[in-house]
Amino acid sequence: MKDIWKIFKELVKSWPVVQRIARYNNDQTYRQNYLGDFWHFADPALQIGVMILMFAVRGGGDKSNPHATGLAGYIAWIALGMVTYFFMQSAMQKSAKSIQSQINMLSRMKFSLSAIPMTEIVTELRRYFVMLGMAFFSMLFMNVKPSIYWLQFFYYFFAMLIFLYALSLVTSTITVLVPDFYNAYVAVLRVGMWVSGVIISVDGPNFPLLLSNILKLNPLYYIIQGFRETLLENPVWFWHNITANLLFWGIVTILLVVGAHIHMRFRNRFMDFV
């Protein structure tokens, strides 16, 4: 627990620098392009559009889904899930590589190494909020009105950031120690969308019960489903499923303990591995 406490103190102390680096990363990404930030959002928007055409429009909606009534509801259901997943996928992928790719530059700034993964997560937030705005726009065409349940958005947003940071402590450290790990990790993330309930509801009556219960163990499913249960039709409070809450925060705690331990143990030797 001492390692976790020390890392969070370093993160709080480094937070202003984290924000400045995130702004710099966003400004530099497409600086040489005529259309600038347009390309920052074009790729995920195109992928979301293709998935909507393939599954929502073609299928005509999922009648068994309580959070998506009709075609318009299913479109919003898919859009919200894909926006959340694309953010998490990009943040997980970039944060895993963050220490290995930036340690030479940031070590000269006396910047806390434990805060490096967070810079990549914060960098992705701008695109996430823009894409989330697009998802909210799609919700205007379905029977959804703002309610007190929408306050849960902040709970799931906080849970998402804590999970991403805890995971990044583990993956960024392992990537430095075992570079081949990163390639395997990226390969797993490519199929993550299909096992996280992003496109197809794992609660449907035709979905195998055993497989459904296994997929629900995925922390990404917990977050994506949580946003849907908060913002879409027939919302429910997050404490309605105590087992899912305990399981998710148990996984996050394990990631924090393991990640903080291996990060603190090896970070003085990162330069030797890089």
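What to note about this one:
- Among the candidates A159, A91, A76, residue that is surrounded by 15 or more Cβ atoms within 10 Å (Cβ to Cβ) and within 27 Å of M271 (Cα to Cα): A91
- Residue match in the range 69-76 (condition: on the phi < 0 side of the Ramachandran plot and modelled with pLDDT under 70): yes
- Qualifying positions in the range 236-256 - in contact (Cβ under 8 Å) with a residue 60 or more places away in the chain and over 20 Å from the mean Cα position of the chain (by Cα): V236, W237
- Every listed requirement among (1) modelled with pLDDT of 95 or more; (2) in contact with a Lys or Arg (Cβ under 8 Å, 6 or more places away or on another chain) is met by T123 save one, (1).
- The residues listed here are V170, V144, V122, V130; of these, the one that is outside any helix (DSSP H, G or I), out of contact with any Pro (no Cβ under 6 Å at 6 or more places or on another chain), open to solvent by 10 Å² or more (accessible area, probe 1.4 Å) and touching a residue at least 12 places away in the same chain (Cβ under 8 Å) is V144.
- Qualifying position, being within 21 Å of Y85 (Cα to Cα), of a type in the set (K, R), open to solvent by less than 40 Å² (accessible area, probe 1.4 Å) and at pLDDT 85 or above, among R190, R228: R228
- Qualifying residue in the range 179-189 (condition: in a helix (DSSP H, G or I) and in contact with a Phe, Trp or Tyr (Cβ under 6 Å, 6 or more places away or on another chain)): no
- Matching residues in the range 231-274 - criterion: being open to solvent by less than 70 Å² (accessible area, probe 1.4 Å), part of a helix (DSSP H, G or I) and charged (D, E, K, R): R267
- Some residue of the range 80-87 being in a helix (DSSP H, G or I) and modelled with pLDDT under 85: no
The values are calculated or read from the model by the stated rules, or taken from the named source; none is laboratory data. Keep in mind the model is a prediction, meaning the values are calculated, not measured. Because the Cβ atoms are built from the backbone with ideal geometry, glycine has one as well, and the counts that use them run over all protein chains shown. The area values use the complete protein model at the heavy-atom level, side chains included, leaving out ligands, DNA and RNA. Shrake-Rupley method; radii C 1.70, N 1.55, O 1.52, S 1.80 Å.
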